[in-house]
Structures are given as C-alpha cells and as structure tokens.
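J.: This is the structure, below, for whatever I ask next.
The values are calculated or read from the model by the stated rules, or taken from the named source; none is laboratory data. Since we're looking at a predicted model, the values are computed, not measured. With ideal geometry, Cβ positions are generated from the backbone for all residues, glycine too; neighbour counts draw on all protein chains shown. For accessibility, only protein heavy atoms count, side chains too; no ligands or nucleic acids. Shrake-Rupley method; radii C 1.70, N 1.55, O 1.52, S 1.80 Å.
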Amino acid sequence: MSDPVDRIIDSAKDGKSILKDRSVLHFTHIPNTIFHRDAEQEKVTQSLLPILKHAKPSNLLIYGKPGTGKTLVVKKVISKIQERVDQSEFPTKLIYTNAKNESTTTGLLISAGRQLGLDEKELPMTGLATGEVFKRLLDCIDKNNLNVIFVIDEIDYLAQLIARSHKDTMYQLTRANERLGRGSLALVGISNDLKFKEMLDARVISGLSEEEVVFANYDVDQLAKILDERIGEAFMPDSVEPQALSLCAAMAAKMHGDARRAIDLIRVAGEIAEREQADKVTARHVRDASQKIEENKEETALKSYPLHEKLVILAVMRAGGSSTGEIYTSYKNLCKATAQDPLSQRRVTQMLNEVEVSGLIDGRIVHQGMHGRTKKYKLTIPTETVKRAFKDDLSLEDVI
C-alpha cells in the first residue's frame, strides 16, 4: 500500500500543471495595466503631485467597495512617485499601513514608526502611551525634515478602534502639521465604508476630506476583462474554459463588482482542478471554489475578533435562539470559566449588534404578547466552523 504523502507528491510532480505563475493571482500583485481605472489613477496622482514640487499634498480620502481597485491604484501611484523622489534631494517618505492588521491605534502608529526607521529602542512595542508614540513620530519627521505621505488602508477600522478607546488619534493625524516645525505629514485614507465619515468628529472630517476620490463598482464585462488578463499571465494556454471565466465574473459582479473576489475564485478553482489533474478549469471547479472560499472567509472573520467578542459569539452558540438577557447570562458564565472580568450588558448588546452586521449571527424581533417584544439571536454558520476558528485560542481552550 503506497504512502498517501508520497502518492500526492508523485502525482503533483508527474502530473500536468495548468498554473504557471500563481503570484499573478495574489492580492499583492500590481499589474502593469490597471483596467478601467484611468480616471481614478489621474485623480490620485494629481492629489499627491505637490510632493514632487517640494510642497505638502492635501489629505486625501478614497472610498469604494472591497475589490474596486483602491489599494491597487494607491500602491501603484505611490511607487511611481517614490521612484521620482528617490532621484531628488527633497527628503520624502511614503509609508503604508493597514488598520485591519492592527488591534490598537498605538500598534498602527508603531508600524508607521518602523517604516520611518525608528527601532525598538527608540519606539518600543510596549510601555508607551499613544500620545507619546505619536510625539516620537513627529519628532522623527521634524528632526529629519521629512515630508511623509502616510497611507492608512481600511481606515474605517481605525475609526472603530478610536471609538472604542476614546482616543483622538485621527484628529492628531489631521492636525500634525500644526505641531511640526520642519517637514510635513499628509494623510491618505482608504475606506470600504461609504458611510465611514459618520463615525468621525466634525473637526476630523474638515481636516481629512480635503480631497476625495470615489471608486465605482466594476460591472460584469469589466470583471471579465480583468480576469482574462490575469488568466493569460497565470495559467497555461487554453487551460481555463470560457464558461469558467464568465461564471467567475458573474459571481463577483453580484458581490458589488469585487475584482479581488473574481481573482480569488479563479485561483482556487485552478488549484482544485490541478489537484484533480484536470486538463482545464471548468464551471464546476468555480462553484467548488466559491463554497471553499466562503467557509474560509467565515473562519478568518471569527479569528479576527477580540476575546470578549469571541465570548459573545460562543454565548450565542450555547444559548441559540435566546434573548439578549439569556445570552448575557451565558456570556458571564463563559467569562468566569476563562477568568475574564465581564463587560456590562449594554456593551455586550452593542457587540451583538456589531457581530450581527457581519452576518455571522442573526437577530430577530419576537413579539411576546402582553410581555412586549424581545430580540433573539442565533448563529447563521455551523457550530463546527466556530469551534475550528477558536480552537487555537488558548484563552478559550476550556470552553470550546
């Protein structure tokens, strides 16, 4: 009986490969041509152009649904600008952070500081208040007379962090130049949420939205063109059926024109086809890929939640179909089992509403006759998905 590992390796080694360059299908890939985004590239470039003329650009806010090319365009523009400023004597620094990758505002600022060259000694990971971290960033900019373009991707997550911590980090960022004697700081915010500014203080809005660019959704024909270009670079010739390409484009068009979704679909479909040693990627492979991505997306979302929101989700799982009060009781029991201080019922109710927006739980108003109305929650995903997502969290090992 052959070893299963050897069998898979031998099959992959000897079998036909239909993928020739997987990196083209990765979200970090920046193509030479960004289709259907000429106008947006021009607007972003014009907004940042003053840096080439030794002047501070305006703060810029970029809106658009996920997968509409926002980050792609910004990264391309700043890389092109960086090539030019590297050839000049004007001390310019372009730094990029993604707020979704940080759990605190301090962590985001430290990430920016590392790109400015501040090491662990100058800017330690722990022990400093947010205000002190920000001061050291400004001191670095001032001391080196730097002109910084600070790109914050998914800035709506930063707004949520600020709302939870009650810090005024966003206001400080938009007013940084008032504290600088030399150098400058221009802010570029990229947001998936068109209502993002509703979370901000009016003072922040006036400083942040000096210029705005809105990215429209891709339609199905535009998505098909983007896919066709990527497939030509990533796959062997004639290894993707036209129906598979069309299905990917149609599925992504339904997801508000998400090009990243379309590219992920064809990548995963290609991997599935290759594992089956199929000659071509078919529509069936695309449908299988869609199901697999959906499962992975839910687990990724669950893993990203802070501890207390994970406890709230577990409370919903344990008290499925129960009211807010019953869920809060379950949550307090989970806190006791994990040695955590429980949050207030009001805060837990807020968390339930926030998780409900993600679609992982569902809340429905139930009429109880003379007892009025109550809201009851239940999971919209399998309990096994929750258990898989949380199994590596050591804080939860006694309650999974």
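J.: Restricting attention to segment 61-83, does a residue exist that is more than 30 Å from Ser304 (Cα to Cα) and open to solvent by 50 Å² or more (accessible area, probe 1.4 Å)?
T.: Yes, the conditions are met somewhere in segment 61-83.
J.: If you check Glu241 against the conditions, is it charged (D, E, K, R) and out of contact with any Ser or Thr (no Cβ under 6 Å at 6 or more places or on another chain)?
T.: Here the answer is no, as Glu241 does not meet what is asked.
J.: OK, next. Check Met199 against each of (1) open to solvent by 10 Å² or more (accessible area, probe 1.4 Å); (2) free of Cβ contacts under 8 Å to residues at least 40 places away in the same chain; (3) under 23 Å from the mean Cα position of the chain (by Cα) and name the one condition it does not meet.
T.: (2)
J.: Here's a follow-up. So which of Gln82, Gln46 ends up being more than 21 Å from the chain's Cα centre (by Cα) and at pLDDT 90 or above?
T.: Gln46
J.: Another one. Can you name every residue in segment 93-117 that is open to solvent by less than 20 Å² (accessible area, probe 1.4 Å) and either out of contact with any strand residue (DSSP E or B) (no Cβ under 8 Å at 6 or more places or on another chain) or at pLDDT below 85 (or both)?
T.: Thr105, Gly107, Leu109, Ile110, Gly113 - these are the residues of segment 93-117 that are open to solvent by less than 20 Å² (accessible area, probe 1.4 Å) and either out of contact with any strand residue (DSSP E or B) (no Cβ under 8 Å at 6 or more places or on another chain) or at pLDDT below 85 (or both).
J.: Further question on the same structure: Going by the conditions given, is Ser239 open to solvent by 20 Å² or more (accessible area, probe 1.4 Å), among the small types (Gly, Ala, Ser) and either touching a Lys or Arg at 6+ places or on another chain (Cβ under 8 Å) or modelled with pLDDT of 95 or more (or both)?
T.: no
J.: For segment 329-364, give me each residue that is open to solvent by 30 Å² or more (accessible area, probe 1.4 Å), part of a helix (DSSP H, G or I) and more than 16 Å from Leu396 (Cβ to Cβ).
T.: Matches in segment 329-364: Thr329, Gln345, Arg346, Arg347, Thr349, Gln350, Asn353, Glu354, Glu356, Val357, Ser358.
J.: Cβ-Cβ below 6 Å, separation at least six or inter-chain, first residue in segment 383-397 and crowded, with 16+ Cβ neighbours inside 10 Å, second of a type in the set (Phe, Trp, Tyr): which pairs?
T.: That search, which allows pairs on different chains as well, returns Leu396/Phe390.
J.: Please tell me if Phe150 is assigned to a helix (DSSP H, G or I) and either touching a residue at least 12 places away in the same chain (Cβ under 8 Å) or aromatic (Phe, Trp, Tyr) (or both).
T.: no
J.: Could you please let me know if Ala250 is open to solvent by less than 70 Å² (accessible area, probe 1.4 Å), farther than 30 Å from Phe90 by Cβ, under 22 Å from the mean Cα position of the chain (by Cα) and hydrophobic (A, V, I, L, M, F, W, C)?
T.: When the stated conditions are applied, Ala250 does not pass them.
J.: Within segment 305-317, which residues are at pLDDT below 90 and buried (at least 16 other Cβ atoms within 10 Å of the Cβ)?
T.: Within segment 305-317, Tyr305 is the sole residue that qualifies.
J.: Select from segment 286-304 the residues that are open to solvent by 90 Å² or more (accessible area, probe 1.4 Å) and at pLDDT 85 or above and write down the one among them that is nearest to Arg388 (Cα to Cα).
T.: By that ranking, first place goes to Lys303.
J.: Continuing with the same structure: Being within 20 Å of the chain's Cα centre (by Cα), touching a residue at least 60 places away in the same chain (Cβ under 8 Å) and open to solvent by 50 Å² or more (accessible area, probe 1.4 Å) is the requirement here; does Asn192 meet it?
T.: no
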